[in-house]
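Structure first, commentary second.
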Amino acid sequence: MTPVSWSAVAHYIEGAYGLKGKVERADCLDMAFAHQAPDEVVDTLDALGSRVFPSPQAAREFLAAQGWVSKDEG
C-alpha cells in the first residue's frame with residue numbers, strides 16, 4: 001500500500017468534523033461517494049473503522065501511524 005497525501009482525504013475528514021464536531025468513518029465515506037472519490041481515498045477513509053475521532057488532526061495521526069497517509073506532508 002502506498003500512502004495517499006493528506007490533502008487527498010482532508011476535505012472529507014474536515015467536512016465530517018464540520019457537520020458533527022467529530023470524525024466518523026460513515027460521514028467521511030458518504031462525502032467521498034457523493035464526490036466520486038478515487039478508490040485509494042475511499043480505502044483510506046474506510047481504514048478509520050469504527051473509531052470516533054475528536055478532531056481532524058486525531059484522524060490524521062491515526063491514519064499516518066497506520067501507513068494510510070503520508071507522515072511528512074504539511
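Among the residues of the range 33-74, those identified as of a type in the set (S, T, N, Q) and touching a residue at least 40 places away in the same chain (Cβ under 8 Å) are Thr44, Ser70.
Checked against the criterion of being of a type outside the set (Phe, Trp, Tyr), surrounded by 17 or more Cβ atoms within 10 Å (Cβ to Cβ) and in contact with a strand residue (DSSP E or B) (Cβ under 6 Å, 6 or more places away or on another chain), the candidates Ala8, Ala32, Ala37, Ala16 yield just one match: Ala16. Can you name the residue in the range 1-24 that is among the hydroxyl-bearing types (Ser, Thr, Tyr) and assigned to a loop (DSSP other than H, G, I, E, B) and is also farthest from Val52 (Cα to Cα) among such residues? By that ranking, first place goes to Thr2.
Considering only residues in the range 46-69 that are more than 10 Å from the chain's Cα centre (by Cα) and under 17 Å from Asp30 (Cα atoms), the one that is surrounded by the most Cβ atoms within 10 Å (Cβ to Cβ) turns out to be Phe53.
Every residue in the range 25-56 that is among the hydroxyl-bearing types (Ser, Thr, Tyr) and not in a helix (DSSP H, G or I), please. Scanning the range 25-56 gives Ser50, Ser55. What do you reckon, is Val41 of a type in the set (Val, Ile, Thr) and in contact with a Phe, Trp or Tyr (Cβ under 7 Å, 6 or more places away or on another chain)? So Val41 fails the test.
Would a scan of the range 26-38 turn up a residue that is of a type in the set (Gly, Ala, Ser), on the phi > 0 side of the Ramachandran plot and touching a helix residue (DSSP H, G or I) at 6+ places or on another chain (Cβ under 7 Å)?
Within the range 26-38, not a single residue is of a type in the set (Gly, Ala, Ser), on the phi > 0 side of the Ramachandran plot and touching a helix residue (DSSP H, G or I) at 6+ places or on another chain (Cβ under 7 Å).
FYI, it's all coordinate maths here, none of it is from the lab. A quick note: this is a predicted structure, and the numbers were derived from the prediction, not measured. Glycine also receives a Cβ, built like all others from the backbone with ideal geometry; neighbour counts cover every protein chain displayed.
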